[in-house]
Amino acid sequence: MLVFWTLQSVAITRDIQSGDSLIDKNGFKSIITERNIVAGKKFTTPLHPQAVSFTQEYIRKQGKELEKMKIWGKPYFDVYDNILPQYGVPKELKYLSVIESHLQTNLVSWAGAVGPWQLMDYEAHRFGLHTGKFRDERTDLYKSTEVAAKLIKELYDEFGDWLLVIAAYNGGAGRVRQAIEKTGSRDFWKLQFFLREETRTHVKKYIATHYLFEGGGGMTTMTAAETKIFLTNQPIQETKPINSIAEEKREQAGLDSLLLSGRYNSTVVSRLLQVDIVQFNKWNPSFDKKLAEGKPYMMYLTKEQKIQFETKKGEILNESIRLLLEKPAFTTSSR
């Protein structure tokens, strides 16, 4: 998937049936959004207002530990990336395992859930896993991932909404059904308080972890209603890399190019690479503006700075996102 980022003051959407403005009607205001391409079409995904403060605090507390996991957890993620799509499950659902167990294959919860996907014995048995005293296949990374993928797909077939799937995976499908019945809504943000605190926190942890690892949201961090609206109504944007610095000037300065897509911030880049911000802006005009518009950008740095950037890329992106989250959301009136 190609990923691009943009900052919007408010997510302006229109009802698919009537074309009426839905600003604020479904709480779709956002301060961070993501550009994705699915089947050749781009769309914008919001960070829901009710998730902003939680995500900000979660990244502050867990950011350093999860940043390390990007490295030591890669073998686990490689397995997930290979298995999950085979069952029709987005790769990003691998972050559910991060929330469930911190990728610990031998973890046993107080409720008796075991393994990296924290499977209960009755679910494991239903999908053919052995859970005996001396041999518990829930601790097998490959077998447990296949069962988790089947269970996740089963839940999605019922609810058709990834946030509800995550809630059901943690708290049980029955509790989600009850919450839907009591509220008359299938919107997680409207029914969440009819779920256990642990479950609604679980969903928010997943969203925050997705933002930290991916640099933003995606298909699995939106409700089904948000997904439908944004897939239908987001305009296609130009994706040609932008930077007008002349070739001759680049050669004279001994600069190397690096294509970026992500919500990087020029002040963070210059600070962590110890580059003079004035010089950085001369080499990279409109850096923040173009990346905020969700457009890919050709960044120029010296060879040494480029190496430093690639080494610190994750740290730079996470710090940029934290800075962005600290900014207040803006609102606009409908037109």
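Within the stretch 281-290, how many residues are closer than 15 Å to Ile316 by Cα and either touching a Lys or Arg at 6+ places or on another chain (Cβ under 6 Å) or surrounded by fewer than 20 Cβ atoms within 10 Å (Cβ to Cβ) (or both)?
Initial filter on the stretch 281-290 (closer than 15 Å to Ile316 by Cα): 287-288.
Okay, now just the ones that are also either touching a Lys or Arg at 6+ places or on another chain (Cβ under 6 Å) or surrounded by fewer than 20 Cβ atoms within 10 Å (Cβ to Cβ) (or both), so 288.
Total satisfying the criteria: 1.
Screening Phe127, Phe134, Phe188, Phe213 for residues that are under 22 Å from the mean Cα position of the chain (by Cα), at pLDDT below 95 and not acidic (Asp, Glu) leaves exactly one candidate, Phe213. Restricting the search to the stretch 180-191, which residues are part of a helix (DSSP H, G or I) and touching a residue at least 40 places away in the same chain (Cβ under 8 Å)? Within the stretch 180-191, Trp189 is the sole residue that qualifies.
Quick check on my filter: what residues within the stretch 109-139 are in a helix (DSSP H, G or I), closer than 30 Å to Glu67 by Cα and in contact with a helix residue (DSSP H, G or I) (Cβ under 8 Å, 6 or more places away or on another chain)? It would help to see each step written out before you state the result.
Residues of the stretch 109-139 that are in a helix (DSSP H, G or I), as a first pass: 121-126, 137-139.
Now narrow it down to the ones that are closer than 30 Å to Glu67 by Cα: 137-139.
Of everything in the stretch 109-139, those that are in a helix (DSSP H, G or I), closer than 30 Å to Glu67 by Cα and in contact with a helix residue (DSSP H, G or I) (Cβ under 8 Å, 6 or more places away or on another chain) turn out to be Glu137, Arg138.
Which members of the stretch 104-151 meet the condition of being touching a residue at least 60 places away in the same chain (Cβ under 8 Å), over 16 Å from Ala168 (Cα atoms) and not charged (D, E, K, R)?
Filtering the stretch 104-151 down to residues touching a residue at least 60 places away in the same chain (Cβ under 8 Å) leaves 141-142, 145-146, 149-150.
Applying the additional criterion that residues be over 16 Å from Ala168 (Cα atoms) yields 141-142, 145-146.
Answer for the stretch 104-151, where residues must be touching a residue at least 60 places away in the same chain (Cβ under 8 Å), over 16 Å from Ala168 (Cα atoms) and not charged (D, E, K, R): Leu141, Tyr142, Thr145.
Assess whether Gln274 counts as being modelled with pLDDT of 90 or more and either more than 27 Å from the chain's Cα centre (by Cα) or not assigned by TED's automatic domain parsing to the domain that holds Glu310 (or both). Taking the combined requirement at face value, the residue satisfies it. A single member of Tyr206, Tyr142, Tyr169 is assigned to a helix (DSSP H, G or I), surrounded by fewer than 23 Cβ atoms within 10 Å (Cβ to Cβ) and either modelled with pLDDT under 95 or of a type in the set (Phe, Trp, Tyr) (or both), and it is Tyr142. Kindly indicate whether Lys74 is surrounded by fewer than 17 Cβ atoms within 10 Å (Cβ to Cβ) and modelled with pLDDT under 90. For Lys74, the condition - surrounded by fewer than 17 Cβ atoms within 10 Å (Cβ to Cβ) and modelled with pLDDT under 90 - is not met. Arg175: over 22 Å from Thr227 (Cα atoms), surrounded by 21 or more Cβ atoms within 10 Å (Cβ to Cβ) and touching a helix residue (DSSP H, G or I) at 6+ places or on another chain (Cβ under 8 Å), yes or no? Taking the combined requirement at face value, the residue does not satisfy it. Out of curiosity, is Gly115 surrounded by fewer than 18 Cβ atoms within 10 Å (Cβ to Cβ) and at positive phi? So Gly115 does not fit the description; no.
I need the full set of residues from the stretch 285-307 which are acidic (Asp, Glu) and touching a residue at least 40 places away in the same chain (Cβ under 8 Å), in order please. Spell out how you get there, then give the answer.
First pass over the stretch 285-307, keeping only residues acidic (Asp, Glu): 288, 293, 304.
Glu293, the sole residue that qualifies.
For Gln234, indicate whether it is among the polar types (S, T, N, Q) and modelled with pLDDT under 70. Working first, answer last.
Working: among the polar types (S, T, N, Q): yes; modelled with pLDDT under 70: yes.
So Gln234 passes the test.
Beta carbons closer than 7 Å, at least 6 apart along the sequence or on distinct chains, pair a first residue in the stretch 67-85 that is over 15 Å from Leu141 (Cβ atoms) with a second that is among the basic types (Lys, Arg) and surrounded by fewer than 18 Cβ atoms within 10 Å (Cβ to Cβ) for Pro85/Lys91.
Considering the stretch 85-108 alone, what residues qualify as being outside any helix (DSSP H, G or I) and surrounded by 18 or more Cβ atoms within 10 Å (Cβ to Cβ)? Reasoning before the result, please.
Narrowing the stretch 85-108 to residues outside any helix (DSSP H, G or I): 88-90, 102-108.
Once the filter is applied, which keeps residues that are outside any helix (DSSP H, G or I) and surrounded by 18 or more Cβ atoms within 10 Å (Cβ to Cβ), the stretch 85-108 yields Val89, Leu103.
The values are calculated or read from the model by the stated rules, or taken from the named source; none is laboratory data. It should be emphasised that the depicted structure is a prediction, and the values quoted were computed from it without experimental measurement. Don't worry about glycine lacking a Cβ; one is built from the backbone with ideal geometry, like all the others, and counts go over all protein chains shown.
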